[in-house]
Each structure stands twice: as C-alpha cells, then as structure tokens.
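These notes concern the structure reproduced below.
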Amino acid sequence: MISLIDYDRIFKKAESLGASDIEVVVLKENSNHVSTARGLVYELKVGETVKLGLRVSVGKRTAGISAAITPNTNIESLVEKTIEIAKNSPEDPDWPGVAKGLSKADVKGVFDDKLATLPIEDAIDVAVESAKLVNDYHANVFPISSGIRVYTTEVTIANSYGEEVSRKATSMFFGIMAGAKDGTKNGSYGEYMILRRFSDLKYDEVSNLVAQRALDSLDAKQIPTGKYDLIFEGRIFSLLLETLLAQAVSAYNVQIGRSPLRGKVGEEIAAEHISFLEDPHMPWFPGTKEFDDEGIATKRFYVVENGVLRSFLYDYYTAKKEGKESTGNAFRGLGQRGFPMPNNVILVPGDANEEEIISETKRGVMVCSSIGYWLSNYISGQMNGTISHGYLIEDGEIKHAVKGVAFSDNFYEVLKGKLDMIAKELKPSMRIASPMVRVKDSTIAGL
C-alpha cells in the first residue's frame, strides 16, 4: 500500500487550499509478537500496519496530523483537516517551513534478511526455550515472563519541493524476567535487549544471567549509608545518559535556556578521557539509520571530544534558527514537530576490562538495574535512582546482592573527574550506548 500513495495529488490538494509547503511521511510496519507467562504462550500477534503523517505550513503557521491508512481512508480529507488546524494556529516567527534538502547517508547494517523472514514458529521457540532455560536453572528459580517482538519497517518521507527519501530496517526486542523463592524469601530480576539482526540474540546467555541474578536477589541485604564507588553496567549508564546528557546537548533545550551547557561549545566540560561520539552509521546498532525523522541525512560527529564540548544536536528547526545546517538528529512521531535527540551517541570505550574495574574497586556497589533514574535533573545535574538490583564489592570481590538503597551524585561533576574507568566493551542501547563505567565516591543512602 505504501507504493500506492499519490504524493503529487496530496501536494496539489494542499497547495490549492493555501498551504505554503507540505511534508508526507508514510510508515509501513510488519510485526511478530510472542509473549509467555510461566513458560506458556499467552499472546501471539502477526500484523501489518501502514500509517500516514502530514505536516503543513500556511505561512508561519503549522500543523500536523497522523492516521492509520486503509483502502477506505480519505487522504484528501486529512489534508483539508490539517490545513484548517494550521490556519487556526498561532504564528511561529521562527518556523522555517518543512525540512528541505532531503538525502540519505550510505549506511550498512540496518536490514537483516534473517530477521525480516523469521517464521513466527521460530519466535515462539525463542520465547518458550528462554523460559525453559530459566525454569531448569535452579529449583528455586522460575520464569515469570518472556517475549520477543520482531519489526520490519519501511519509511518514506516526501515534500512539496520534489524531494523524497526511503529506508528499510529490521529490529527486535527480547525480554525475560525470572522469579525466585525460598521459604518466605522472594526475589526477581529481568533483562531486555534491542537488536537489529537475529544472529546477535544470545538468549541462552541472557536467560542464565537473569536466573542467577534472581537467585542472588533472595539473599540481598541493605548496606550502610556512605560513600561508595559506583560501577554502572553499560545498559544502566546508557539510560542515565539518555535522561541527562541527551537533554543537555539538545539544541532545543539550549535555545530556550534550559541547558547548563549553553554557551560552552569549545570549552572543557569533562575529563580528557571522556568522549561522546554521535555515530548513526555503526552497523547493527539500534540507532543506526540513513536519515533522521525529517529526512535529513545522518552524520558522524563528536558531541564531546577529549572532554571538550564540540557540538549540540540539531534538527531542521533549531538549526535554521541559528543559521546552521541540521546535524540529522530530528526525533518525532508521525505528523509531529521534531525535537533534537541522539540517534546513536556512544560513550567512547576505554581500555579496562569489566573484571578489572571490579577487581580494582575497594568499596563499591555494582548497579545492574535501577528505578527512578528518570527523575534525574539535567538542568541541575542531580543524578539519582534506586538500585533495584546490585552487588556490594569489597576489596575487589563481589560479596552479595544489595537492596533498598539509592545512589546520588551530580552528573556534571561525574563528567569532570569522578568517572575514572571506562570498559572496552560497548553495550548497544536505544539512543545512547555505553560500556561499563566506574564513578568514584558517590553517595549511597542505605541503612
């Protein structure tokens, strides 16, 4: 159905109603979903959807709309409605019109034939077998849930300036949670992975890890309040970076005065061994793509290089506001205004092994999962969260699981000197990827 959209007809209709310009986004998605509870399949979905997003300009007024597309959808009616909304919207003096200069970067590692053609039976096998691995791990451990979701997407963006770009991609979500029980003691642990190709799925390793950590959680203890070195596993530190760094380097937040990094391009904001690289061209990473959500080609550039702030992230709107070119970092829903966000920013790996980071820690806590980290504040730099699963480390050895404790620090102080060790192995995540890191002398609130 995506090839049957008559873009020229949409453009002519919009222009006849007074539109200055118009952008059309068509998203086609095929998906397979399998979910289990206690090892039994309870949800099975196979489907295809086609969605349309419209964004129009009427002078300095703008509006957008989105809708699912079926053979009976009246697209011209959607165009009329969008323009009516735009005409009744307030003017934005900085509105530059819909994005122009659509193009795509030469990127490898975004489409996996194996994943795109994965039979639903194979997806069922993964979900069921992973639950079985947990169930067989130990008598006190049992599977709570497991699931796999496979997506094949095709996106086309076209505008009334005669420009059009398209891309195809595959992605997969795998998640599993295990429970543990021993008398009156209960525990649990869960993990998830976001991948682009099927061969990267090591569900057996993840299932065994989840089972062991659920078992460890049975003997989790509180620890005294005090100063500890914090070792963040890569996935957890990635989530903190998405909450803190991603917002601070977004040109939108900079322009409205909400980023403490405003006016600091070219200045040292982190230790020399810390670099953040926007690399949306890394094969098979979740954020890898040829162009952003506005159709602007993605670019590889340093956000922070050897501690020095080099660039903010721009979409078309924020870039034109400063007379610059977009960095290809627009993020948005269909028909919505863009917002500059990372595609695939990575904390550049260091030279330490994960085992080395642990062995060189005299008194610390390894953070494996956390809740409440999303309440961290990028404006003040307050970095905090509750450790839902972690381990006490003493004299370079893991002693026992910990529970009921919270961590606290200042993110900008962490960047400037407290983040002293970075592991070699990069862990993919959705928008920011990080290796394991160590942060010195953070506060733990416990007993």
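Each reported figure results from applying straightforward, stated rules to the coordinates on display, with no laboratory input. Since this is a predicted model, take the numbers as computed values, not measurements. Here Cβ is always computed from backbone atoms with ideal geometry, including for glycine, and neighbour counts include all displayed protein chains.
Assorted remarks:
- Residue exposure proxy: His33, His273, ordered by other Cβ atoms within 10 angstrom of their Cβ from fewest to most, comes out as His273, His33.
- Shape summary of the range 33-164, radius of gyration then Dmax from alpha carbon positions: 22.6, 68 Å.
- Backbone N within the range 405-446 under 20 Å of label point (7 Å from Leu375 Cα along the Cβ vector): 405-412, 442-446
- Modelled label positions at Asn353 and Asn410, each set 7 Å beyond Cα in the direction of Cβ, lie 3.7 nm from each other.
- Extension gain, Ala37-Arg363: 0.36 nm per intervening residue step, less the Cα-Cα distance, totals 113.5 nm.
- Filter on Lys108/Lys299; Lys28/Lys320; Lys28/Lys100 - keep pairs with C-alpha separation over 19 Å: Lys28/Lys320; Lys28/Lys100
- Estimated FRET transfer efficiency (Glu121, Glu205; beta-carbon r; R0 30 Å; 0.05): 0.85
- FRET efficiency for Trp284 and Glu29, using Cβ-Cβ distance with R0 set to 30 Å, rounded to 0.05: 0.95
- Karplus-derived 3J(HN,Hα) values for the range 310-326, using 6.51 cos²θ - 1.76 cosθ + 1.60 with θ = phi - 60°, are 9, 7, 8, 9, 10, 9, 5, 5, 5, 5, 5, 4, 10, x, 10, 9, 4 Hz; glycine and proline are entered as x.
- Table column - 3J(HN,Hα) (Hz), the range 206-222, Karplus curve with 6.51, -1.76, 1.60, x for Gly and Pro: 5, 4, 5, 4, 4, 4, 5, 6, 5, 5, 4, 5, 4, 10, 5, 10, 7
- Counting beta carbons within 10 Å around each of Lys221, Lys104 and listing the fewest first gives the order Lys221, Lys104.
- Cα gyration tensor shape for the range 294-447, rounded if a/c is under 1.5, else prolate or oblate: prolate
- With neighbours defined as other Cβ atoms within 10 Å of a residue's Cβ, the residues Ile398, Ile387, Ile10 order from fewest to most as Ile398, Ile10, Ile387.
- Net lengthening on full extension, Lys132/Tyr151 (0.36 nm per residue, minus Cα-Cα): 4.4 nm
- Here the Karplus curve 6.51 cos²θ - 1.76 cosθ + 1.60, taken at θ = phi - 60°, turns the phi angles of the range 149-155 into couplings of 10, 10, 10, 10, 10, 10, 10 Hz, with x standing for Gly and Pro.
- Each principal axis of the Cα atoms in the range 235-299 has its own extent, and those three values, largest first, are 31, 28, 22 angstrom.
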